[in-house]
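See structure below.
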Amino acid sequence: MKTRICLLLVVIVLVSGTSSYADILELKNGTILSGKYTGGTAGTLRFETNAGLQVIQTGQIIALTFTSSGGPVAPPTPAAPAPTAPVPVPPPPSAPRIITLPTGTMLLVRMMDSISSRNKAGSTFTTKLEYDLVVGDSVALKGGTKIYGKVKSSTQARRAVGKSTLDIRLTQLIINGKPVPFATSGFKAAGEASIKKAARGALAGAAIGAIADGSDGARTGAAIGGTLGALRKGQTITIPPGALLEFNLAQPLKLSVSG
């Protein structure tokens, strides 16, 4: 009997290291206690129940069962990811506006090609706009915009017989990859008044003096004007690259402008 009690105590001591919260103690008199084992000696056992701490003789004990009071332990909840900064959404592009350039609007352009009275009708050439073309408070065309033209008619006089003629017009520009056709009057060599007018329209007053007072383009334009006025029989009319020319719209021109 003593051997059984000693073995029971050994089991109790070995298991007592396990954390338990709902131990079952079965006594010889049929009583079953539910509580917590708190220790003991070779002759007694301490058992805590809802009624309090009880000291029970080991000879009265049939069995002591250690059980876990809780159900399965739930896995730890993973930490929520750190919030990321919202990506700014760019505002939608503003709808394009339509700007109308009225008939007579001056286009001051610089020749990029050479053209002469020896070129046949239909020959093409390229120019670029010298200044921003401003309408109200909006830039309708940026300075440097390429504008294309054609020879409308030309005649090359024979040696010492008749005078050469050259009629060129601006016919097209490209906006957002799309060709925009238009019509102009014939060209005039750009003089100081035209250059100053275009510069004021582009709000580039600081540049007026430098351009009107001796730039190569202005001198070339004046030279062309002088040549046309004093053209001799049989001479060729030539407009070189860099010449500043003035054209005027022959009809209104509608342009789509962003914002």
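Of note:
- Shape category assigned to region 138-177 from the gyration tensor of Cα positions, a/c cut at 1.5: prolate
- Other residues within the sphere of radius under 14 Å centred on the Cβ of ILE24, judged by their own Cβ, net out at -2 (K and R +1, D and E -1).
- Residue order, fewest to most surrounding Cβ atoms within 10 angstrom, among VAL87, VAL55, VAL139, VAL109: VAL87, VAL55, VAL139, VAL109
- Cα shape, region 110-184, gyration tensor, a/c 1.5 rule: prolate
- Under 19 Å from a label point set 7 Å out along the Cα-to-Cβ vector of SER256, the amide N atoms of region 98-130 belong to 98-101.
- Neighbour counts of other Cβ atoms within 10 Å put TYR148, TYR37, TYR131 in the fewest-to-most order TYR148, TYR37, TYR131.
- Residue-count net charge about ILE174 - beta-carbon cut-off 13 Å; Lys, Arg +1, Asp, Glu -1: +4
- Among the listed pairs LYS120/LYS150; LYS128/LYS188; LYS188/LYS254; LYS152/LYS254; LYS146/LYS254, those whose Cα-Cα separation exceeds 21 Å are LYS188/LYS254; LYS152/LYS254.
Readers should treat all values here as calculations from the given coordinates under stated rules, not as data from a laboratory. Here the structure is a predicted model, which is why all the values come from computation and not from measurement. Note that we place each Cβ from the backbone using ideal geometry, even for glycine, and neighbour counts take in every protein chain shown.
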